[in-house]
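Engineer: Attaching a single structure in structure tokens format; questions to follow.
Just so it is clear, none of the values below were taken in a lab; they were calculated from the coordinates. On a predicted model such as this, the values are computed, not experimentally measured, just so you know. Glycine gets a Cβ as well: all are built from the backbone with ideal geometry, and neighbour counts include every protein chain shown.
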Amino acid sequence: MAYDLLIRHARTRTHQGEVDIAIESGRIAKIAPAVAGEAAQIIDADGSLVTPSFVNGHLHLCKVYTLAMMDDEALNAYVAGGMGGAMTAIELAARVKAKYDERWIIENVRRALDLALKFGNTHIRAFADTDTKARLEGVKALLRAREEYAGKVEVQVVAFPQDGVVRDPGAEEYVEEALKMGADVVGGIPWIEYTDADAQEHIDRMFALAKKYDKDISMLIDDAGDPGLRTLEMLAVTTIREGWQGRVTAQHARAMALYPEPYYRKVEALLKQAGIGIVSDPQTGPLYARVRDLYAAGIPVALGQDDIADAYYPFGRNNMLEVAFLAAHLMWMTKREEMEILYDLITTQAARVLGIEDYGLEEGKRADLVVLNAGSVWEAIWNHEAPRFVIKDGKDVTLR
């Protein structure tokens, strides 16, 4: 039999010994110790680990590389004092949006997506500020990039009212226009509103748009050092009430780290009922969601890059192995079984959170794979190097 692509002598996370992986018509056709036949391209993995390609559950793609346009005032406000000044940081960071223009944003986006491709990150949930300051400049750039990188990096564009909805009159109309233009996901950030009533109104308005246009929802939730923040609970209750189970994702949820145990357990139960997945970015702030507990409870959890050289985080390479490496230290998950969990959070679990279908290293699934420069998960996270090969839809798209 002739295949499109054949990977020989691969190690996987689930098979004993080395296997061959045959790919045909963009899908995994056969996995076996020895696959007979030829292929248009043959890759010798030589005992290296082959896994599904990486998934980035959260990236503010319109903001990448904008730190050079600003001072450090917003960055300092975001991380200082147990994240008590996070709202102030967002207000300070909004200054850069006065300069927003699709023409320079797209250049930064391309640079970040080239890094994604280099590091085997083929699926990204990308947030574009969609408000009265940013207007639709970021959305236009991300929609353009989504088309340019089709077949290499899948970009889910989130129309994101960064400065609120109630406190930023007109933002809701920009979000709706972005959806008409082709944005994939309805965003939100209800905790940024001034009152609980306004936060609930923010959630309700975004749910109305999601239902009108049949879209998933992804909201930044409780991203500050305040145990009194409760928008995660609001989001879960609204999801259940509106019947949108399995279509909602919460980013950050940092206040969860400060919740009293009885309240956390109530929220955990609500998340299960609502089918809400959580994306945590522990490297971009001193607080983070209770990843271990959520994972143990069976709640879908992912890691995200969050930011690349912007007002909230000065580093970042769109390298999910690097994110896992940092998370291993920040969450002290350094046992080998914990490294396996971290790997789940940038692959299988992350795909579950983002609703990516036909994902995984199984026969019949889409052939979105990486051939690593490592023989084990431990070694891969340790060195967090670029893969030897990146396969998207059964094609070798390695950036060389």
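Engineer: When the chain is treated as a GNM, springs tying every alpha-carbon pair under 10 Å, which of ASP71, ASP281, ASP198 comes out with the largest mean-square fluctuation?
Structural biologist: Comparing ASP71, ASP281, ASP198 in the GNM, the peak value goes to ASP71.
Engineer: While we're looking at this one, here's another question. Can you compute the modelled spin-label distance between ALA197 and GLU261, with each label point 7 Å from Cα toward Cβ, in nm?
Structural biologist: 3.7 nm
Engineer: So, with +1 on the Cβ of K and R and -1 on the Cβ of D and E, and no other charges, what is the size of the charge dipole of the chain about its Cα centre, to the nearest 20 debye?
Structural biologist: Working: 45 positive and 61 negative charges, 88 e Å.
Dipole magnitude for the chain comes out near 420 debye.
Engineer: Going by how many other Cβ atoms sit within 10 Å of their own, how do LYS215, LYS30 line up, fewest first?
Structural biologist: Values: LYS215 20, LYS30 17.
In order of increasing Cβ crowding within 10 Å: LYS30, LYS215.
Engineer: Still on this structure, please answer the following. Among ALA374, GLN349, GLY360, whose Cα sits farthest toward the positive end of the charge dipole of the stretch 317-400 (+1 at Cβ of Lys/Arg, -1 at Cβ of Asp/Glu, about the Cα centre)?
Structural biologist: Highest projection toward the positive end goes to ALA374.
Engineer: With unit charges on the beta carbon (Lys/Arg positive, Asp/Glu negative), name the residue among ALA86, THR334, GLY37 whose Cα is farthest towards the positive pole of the charge dipole of the chain.
Structural biologist: Positive-most Cα among the choices belongs to GLY37.
Engineer: Would you calculate the separation in nanometres between label points at ALA40 and GLU340, each defined as 7 Å from the Cα along the Cα-to-beta-carbon direction?
Structural biologist: 3.7 nm
Engineer: Any chance you could list the semi-axes, whole Å, largest first, of the equivalent ellipsoid that the Cα gyration tensor gives for the chain, using √(5λ)?
Structural biologist: Taking √(5λ) for each eigenvalue gives 35, 23, 20 Å, largest first.
Engineer: Greater than 24 Å separation of Cα atoms is the criterion. Which listed pairs, LYS97/LYS140; LYS211/LYS392; LYS97/LYS152; LYS30/LYS335, meet it?
Structural biologist: LYS211/LYS392; LYS97/LYS152; LYS30/LYS335
Engineer: When the dipole is taken about the Cα centre of the stretch 150-291, and only Lys, Arg (+1) and Asp, Glu (-1) are charged at their Cβ, what size is it in debye, to the nearest 20?
Structural biologist: So the magnitude is around 540 debye.
Engineer: For GLU177 and LYS365 in one chain, what is 0.36 nm times their gap in residues minus the Cα-Cα distance, to one decimal in nm?
Structural biologist: Full-extension gain reported as 64.2 nm.
Engineer: Neighbouring Cβ atoms within 10 Å as the yardstick, rank GLU172, GLU362 fewest first.
Structural biologist: GLU362, GLU172
Engineer: Neighbouring Cβ atoms within 10 Å as the yardstick, rank TRP244, TRP378 fewest first.
Structural biologist: With the sparsest Cβ surroundings first, the list reads TRP378, TRP244.
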